[in-house]
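K.L.:
Take a look at the following structure, please.
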Amino acid sequence: MQTILETLRISSTNHGISTGLAAWEGRGEELSSFSPVDGQLIGKVHAASREDYDTVIGQAQEAFKTWRLVPAPKRGDIVRQMGEQLRKYKTELGTLVSYEMGKSLQEGLGEVQEMIDICDFAVGLSRQLYGLTMHSERPSHRMYEQWHPLGIVGIISAFNFPVAVWSWNSMLAWVCGDVCVWKPSEKTPLTAVACQNIIQEVLKTNDVPEGVSGLIIGGREVGEWLSHDERVPLVSATGSTRMGKSVGQAVGGRLGRSLLELGGNNAIIISQHADLPLAIPAIVFGAVGTAGQRCTSTRRLIIHESIYEDVKQRLVKAYGQLRIGNPLDSNIHVGPLIDTLAVKNYQSAVDEVRIAGGTFVVEPGVLTGADFASGCYVQPCVAEVENHWPIVQHETFAPILYLIKYSTLDEAIALQNGVPQGLSSAIFTLNVRESELFLSQAGSDCGIANVNIGTSGAEIGGAFGGEKETGGGRESGSDAWRAYMRRQTNTINYGTTLPLAQGIKFEI
Ligand code: UN1
């Protein structure tokens, strides 16, 4: 790990604020990053003070003045070079993600791959920031729209995808001509420092002002500074619904823009027409992958009554084969939770399930012993529950899967939609009537609806996000870039008279 940290230029004490390679001491408190894998201290970071924050924002404002003038395809070329650097550091960065966050090495590498993919997407996009042209109702007039950069984009990201979600925002924002100020999760500060080092190297090589990419590490107050700051026209925040509501209210209160990607309570419907050998691995990966800490993790399984027992038995068997342990070992399926607080939340959810009357068909538990010394390893579990119970309506960021029975597809869809969140959803069926109904306007109410694949593991090419308490924002592919730009409608008169719209006559 030491060589990896050196390659990524992470020292034992890092600067949690920086707009460049020559970062200065943060004046805020010192944060320690412990690995949930083995409980070891990986490194320390100085958080930003309010003064540091203002300096970073000031540098971002200055950098915006030049960055917005760089032609978009040229900005795309710089993002292309960032993608090249990420390719170069993929193994090191993916390993650090795995060690600092606790996801399996495969998933750590997969996360860096998502970053590389979004760079490629952003490069193409840099030549496609299209606006429409319209036909004016007036003679000798031309009307069109163009998209301009917004300014500073504040990015608040979560621990579970400590680097990819930032890159979905930043790479698009950069080709759009914005500058970014990133507040990563205080639980994963070192992966953020590593990314900042990689990005700054590219900016420096290209003589681009370092303020194009700012980093401010700190706790909740740093997020609040961003949300209330009128110098930050857009705040893109990923995390809990509670956090999103406070960001949304603060940004809304100053009529700024927010892009919110919050909690999910994702379900898969398993119809009697499902291909079960296809469905079981999708369910298990969705429920236990990243130790159930994806916003797209599968939390509820809505199973047709005629195959309920069969699915249950298959799951019990599959869960029996799961290998839990050090995520850096490639034979391991499930790593630790992020910290012991997450373990407490898992335990209280388990208690609540029991109090509500739920039955565990795969028993929960906290793992102990030399291999689990960090105290962050839990047993992925499966419980039979009812959808309306408060604990089932709530997103618990842990590998707890709930089983619910249904008899008609309408009932299954109502159960699937019957939660406050609306991120991801799926159905397993080989019946086209069922899948089409599920995808129709009378079907899933989520931002993501899949057929014969699970709820997690979305590709970057689609717009990513969800409805209701998930916050309504869309990031990543499709036309999500529009959120990072302002639209300007332009009307040009190339004639010699001044006809007014709507036929109004005004003569002087
Ligand atoms: C998240 O958990 O915040 O679809 C993002 C997925 C990943 C991204 C998850 N591509 O599971």
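K.L.:
Can you tell which of 398, 302, 340 lies farthest toward the positive end of the dipole of region 266-451, using +1 and -1 charges on the Cβ of basic and acidic side chains (Lys, Arg; Asp, Glu)?
P.N.:
Going by the Cα projections, it comes out as 340.
K.L.:
Could you give the size of the charge dipole of region 266-451 about its Cα centre, using +1 on the Cβ of each K and R and -1 on the Cβ of each D and E, expressed in debye and rounded to the nearest 20?
P.N.:
So the magnitude is around 280 debye.
K.L.:
Could you check the spin-label model distance between residue 140 and residue 340? Points 7 Å from the Cα along Cα→Cβ, value in nm.
P.N.:
8.0
K.L.:
Using the Karplus curve 6.51 cos²θ - 1.76 cosθ + 1.60 with θ = phi - 60°, work out ³J(HN,Hα) for each residue of region 6-12 in order, rounded to whole Hz, and write x for Gly and Pro.
P.N.:
These are the phi-based 3J(HN,Hα) values: 5, 4, 8, 6, 9, 9, 5 Hz.
K.L.:
Per-residue HN-Hα couplings for region 159-176, Karplus 6.51 cos²θ - 1.76 cosθ + 1.60 at θ = phi - 60°, whole Hz, x for Gly and Pro?
P.N.:
Running phi through 6.51 cos²θ - 1.76 cosθ + 1.60 with θ = phi - 60° gives 6, 6, 10, x, 10, 5, 5, 4, 5, 4, 6, 5, 5, 5, 4, 5, 5, 6 Hz.
K.L.:
Continuing with this model, one more query. Whole number in Å², please: accessible area per residue of region 111-217, 1.4 Å probe, ligands, DNA and RNA not counted.
P.N.:
Value returned for region 111-217: 30 Å² of accessible area per residue.
K.L.:
Work out from phi, with θ = phi - 60° and the Karplus expression 6.51 cos²θ - 1.76 cosθ + 1.60, the ³J(HN,Hα) of each residue of region 367-384, listed in order in whole Hz, and give x for Gly and Pro.
P.N.:
Taking θ as phi minus 60°, the curve returns 7, 10, x, 4, 6, 10, 4, 5, x, 10, 9, 10, 7, x, 9, 9, 10, 8 Hz for region 367-384.
K.L.:
A further question follows. Classify region 153-238 as rounded, prolate or oblate, taking a ≥ b ≥ c as the square roots of the eigenvalues of its Cα gyration tensor: rounded when a/c is under 1.5, otherwise prolate if a/b is larger than b/c and oblate if not.
P.N.:
oblate
K.L.:
Starting from region 195-260, pick out the GluC sites (Glu not before Pro) whose DSSP state is loop and whose Cβ has at most 10 other Cβ atoms within 10 Å.
P.N.:
230
K.L.:
Then there is this: So what is the calculated 222 nm ellipticity per residue for the chain, using -39500 (n - 2.57) for each DSSP H run with n of 4 or more, over all residues, to the nearest 500 deg cm²/dmol?
P.N.:
-11500 deg cm²/dmol
K.L.:
Under the rule of at least 5 residues apart or a separate chain, name every residue whose amide H is placed under 5 Å from the amide H of residue 361.
P.N.:
382, 383, 384
K.L.:
Work from the charge dipole of the chain (Cβ charges, +1 for Lys and Arg, -1 for Asp and Glu, about the Cα centre) and give the residue of 503, 2, 193 farthest towards its positive end.
P.N.:
Of 503, 2, 193, it is 503.
K.L.:
What is the distance in Å between the Cα centres of region 171-228 and region 235-249?
P.N.:
About 18 Å separates the Cα centre of region 171-228 from the one of region 235-249.
K.L.:
Quick check on region 106-184: what does the Kirkwood estimate of hydrodynamic radius come out to from the alpha carbon pairs, in Å?
P.N.:
Its Kirkwood hydrodynamic radius stands at 14.6 Å.
K.L.:
What residues have an amide H closer than 5 Å to that of residue 181, excluding those fewer than 5 places away on the same chain, when H is modeled at 1.01 Å from N in the peptide plane?
P.N.:
Here 153, 154, 155, 214 satisfy the definition.
K.L.:
Taking every eigenvalue of the Cα gyration tensor of the chain, multiplying by 5 and rooting it, what semi-axes result, largest first, whole Å?
P.N.:
Semi-axis lengths for the chain are 40, 31, 19 Å.
K.L.:
Now for a different question. Mind checking the log10 I(q)/I(0) for region 85-218 at q = 0.14 Å⁻¹? Debye, one equal scatterer per Cα, no solvent, two decimals.
P.N.:
Those come out to -0.65, one per q.
K.L.:
Moving to a separate point now. What ranking, highest mean first, results for peptides 99-109, 481-491 when packing means the other Cβ atoms within 10 Å averaged over each residue?
P.N.:
In descending order of packing, they fall as 99-109, 481-491.
K.L.:
What net charge is computed for the residues neighbouring residue 484, neighbours being all others with C-beta under 15 Å from the C-beta of residue 484, Lys and Arg scored +1, Asp and Glu -1?
P.N.:
Residues near residue 484 contribute +3 overall.
K.L.:
Let me ask something else about it. Measure of size requested: the Rg and Dmax of region 359-424, with Cα atoms as the atom set and Å as the unit; please supply both.
P.N.:
For region 359-424, the Cα radius of gyration and maximum Cα-Cα distance read 15.0, 49 Å.
K.L.:
Dipole of region 167-268, Cα-centred, from +1 at each Lys and Arg C-beta and -1 at each Asp and Glu C-beta, to the nearest 20 debye?
P.N.:
Magnitude of the dipole: close to 360 debye.
K.L.:
Send over a whole-number figure in Å² for the accessible area per residue of region 232-380, probe 1.4 Å.
P.N.:
39
K.L.:
While we're on this one: Would you mind putting 281-294, 359-372, 384-397 in packing order, based on average other-beta-carbon counts within 10 Å, highest first?
P.N.:
Highest-to-lowest ranking by the protection proxy: 281-294, 384-397, 359-372.
K.L.:
How would you order 158-167, 116-125, 60-69, 327-336 from highest to lowest mean count of nearby Cβ atoms within 10 Å?
P.N.:
Final packing ranking: 158-167, 116-125, 327-336, 60-69.
K.L.:
So which of 103/344; 344/405; 317/344 end up more than 24 Å apart, counting from Cα to Cα?
P.N.:
In this structure, 344/405; 317/344 exceed 24 Å between Cα atoms.
K.L.:
Please name whichever of 319, 293, 282 sits farthest to the positive end of the charge dipole of region 247-324, dipole taken about the Cα centre and charges placed at Cβ: Lys and Arg +1, Asp and Glu -1.
P.N.:
Positive-end residue among those listed: 293.
K.L.:
If you place +1 on the Cβ of every Lys and Arg, -1 on the Cβ of every Asp and Glu, and leave all else neutral, what size is the dipole of the chain about its Cα centre, to the nearest 20 Debye?
P.N.:
With Lys and Arg at +1 and Asp and Glu at -1, about 1000 debye.
K.L.:
Can you tell me which lysines have their Cα less than 20 Å from the Cα of residue 204? Leave out same-chain residues fewer than eight positions away.
P.N.:
Partners within reach: 65, 74, 88.
K.L.:
Give me the percent of DSSP beta bridges within the chain that run antiparallel, rounded to the nearest 5.
P.N.:
40
K.L.:
Please say if region 234-298 is rounded, prolate or oblate, where rounded means a/c under 1.5 for a ≥ b ≥ c the square roots of the C-alpha gyration tensor eigenvalues, and otherwise the choice is prolate for a/b larger than b/c and oblate otherwise?
P.N.:
Prolate is the answer for region 234-298, as a/c is 1.5 or above and a/b outweighs b/c.
K.L.:
Which whole number of Å³ per residue matches the convex hull of the alpha-carbon atoms in region 396-505?
P.N.:
So the per-residue Cα hull volume is 210 Å³.
K.L.:
Over region 266-451, how many percent of alpha carbon pairs lie in each 10 Å bin up to the one with the longest distance?
P.N.:
10, 39, 35, 14, 2, 0
The values are calculated or read from the model by the stated rules, or taken from the named source; none is laboratory data. As the structure is a computational prediction, the values presented were derived from the model and not from experiment. Using ideal geometry, Cβ is built from the backbone for each residue, glycine included, and neighbour counts are taken over all protein chains shown. Side chains are part of the model used for accessible areas, which takes the heavy atoms of the whole protein and leaves out ligands, DNA and RNA. Shrake-Rupley method; radii C 1.70, N 1.55, O 1.52, S 1.80 Å.
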